[in-house]
Amino acid sequence: MRSVGRSGPVADHDSAWERAEAMLRDSLCPHELETYERHGWIEVPSRLHPGRVYRVDGWRPVAVFSSAGTFEGAICLRPRENLPSPDVIVAHKLYIQGAEEEFLRAGNWLSPAWRPTTAAPTVVLMLFLFGPWLLNLMRLGPGGIAAACVGVALLVSWGIRRMRTDGSRPALSREAPPDPAPTA
Amino acid sequence: MKGVRALGNLRILGPDGDTTLSWRPDVDDEVQEVRRRFDEIVEAGYLVFELDPSTKEGRQVTDFDPRLTELRAFRPMVGG
C-alpha cells in the first residue's frame, strides 16, 4: 500500500508507518486505544510494583508514575534499529507486560532533577553572592546602600513573580499530560 | 466460521514495517516453516511475545506453539 503521488523512500516510510499504526491499534485494548487517540500515549500498569504506571509514547523515554500520580523518573530503552514510533509503543507495552523485570534491567533509569522545595537555599545563595557587594556599597554612604537595596528588591520581586508564574503551570502528573501528542 | 482454527500470525517488527508470517495450525508445512523462522529469530536474540486476542495483554514466549494466534517479535532494545 503506497501513498498516492509518492514513490521511493518517502512512500516506503509512509507505508511502514501506516502498517505500524494499524498494528498498534490492533494491539491495544479499548481503554488503551482511547488514551492513545486522545493523548498520543498509552499507560501500562506495572505487574511488579502495584500502583505504578508506565506511560509509553514511542519517542521519549518511558515515564514512570507512582500510585499517587507523581512522576518518579523515566526509563530509556530504545530499539537498535529505526522502528516506526507505533511499533516502539507496541514493543514497550509488550516488554512491560511480558517481561517487566527484564525491561527494568535493560533500560537506563533517568531520575528527575532535584529541585529545592523551599526558598531557603536560594536566599542563602543570594546572601553569599551579594553579601560582599553590599558591604562594599557601605563606602558610598546611605544613598548607595539605598540604591543597592532597591536593586536587590527589584531582583527579588522579579524572582518571586517568576516562581508564581511557574507555580501556575500544570504539575507533571498522570492527570495533566506534560507534552502534546507525538508527531512523526 | 465454525470448525476452522484461527490463523496464526507472527509479526516481526523492523525498520520497514513488520514482516508477517501466517500459518494454519492444521497445515504441517506452514507450521514447520514458521517454527523454523521462530527458532531462528529467538536464536538471534529477538524477544517474542504473545498478544492475547481478547485482553490484548502481552506474555513472553520462548517456544513456538502453533495454537497461539498473535505473536510479535522484535530485537532486544538497548538502554539509551
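Compute the FRET efficiency between B:THR69 and A:ASP14 as 1/(1 + (r/R0)^6), taking r as their Cβ-Cβ distance and R0 = 25 Å, and round to the nearest 0.05.
For B:THR69 and A:ASP14, the calculated efficiency is 0.30.
Cα atoms only, region A:9-110: Rg and Dmax in Å?
Rg and Dmax of region A:9-110, Cα atoms, are 13.7, 45 Å.
Compute the distribution of all C-alpha to C-alpha distances in region A:55-171, in bins of 5 Å from 0, and list the percent of pairs in each, rounded to whole numbers.
2, 9, 12, 14, 10, 8, 8, 8, 7, 7, 6, 4, 3, 2, 0
Between A:GLU37 and B:ASP26, what FRET efficiency comes out of the Förster formula 1/(1 + (r/R0)^6) with R0 = 51 Å and r the beta carbon distance, rounded to 0.05?
0.85
Hey, got the dipole for chain B? About the Cα centre, +1 on K and R Cβ, -1 on D and E Cβ, debye to the nearest 20?
Dipole size: approximately 260 debye.
In Å, what is the Rg of the alpha-carbon atoms in chain B, and how long is Dmax?
13.0, 48
With θ set to phi - 60° and the Karplus curve 6.51 cos²θ - 1.76 cosθ + 1.60, what are the ³J(HN,Hα) couplings of region B:35-44 in order, to the nearest whole Hz, using x for Gly and Pro?
With the stated coefficients, region B:35-44 comes to 4, 4, 5, 4, 4, 4, 6, 5, 4, 7 Hz.
Quick note: the coordinates plus some simple rules give every number you see, no bench work behind them. Note that this is a predicted model, so its numbers are computed, not measured. Note that each Cβ is placed from the backbone with ideal geometry, even for glycine, and that neighbours are counted across all protein chains shown.
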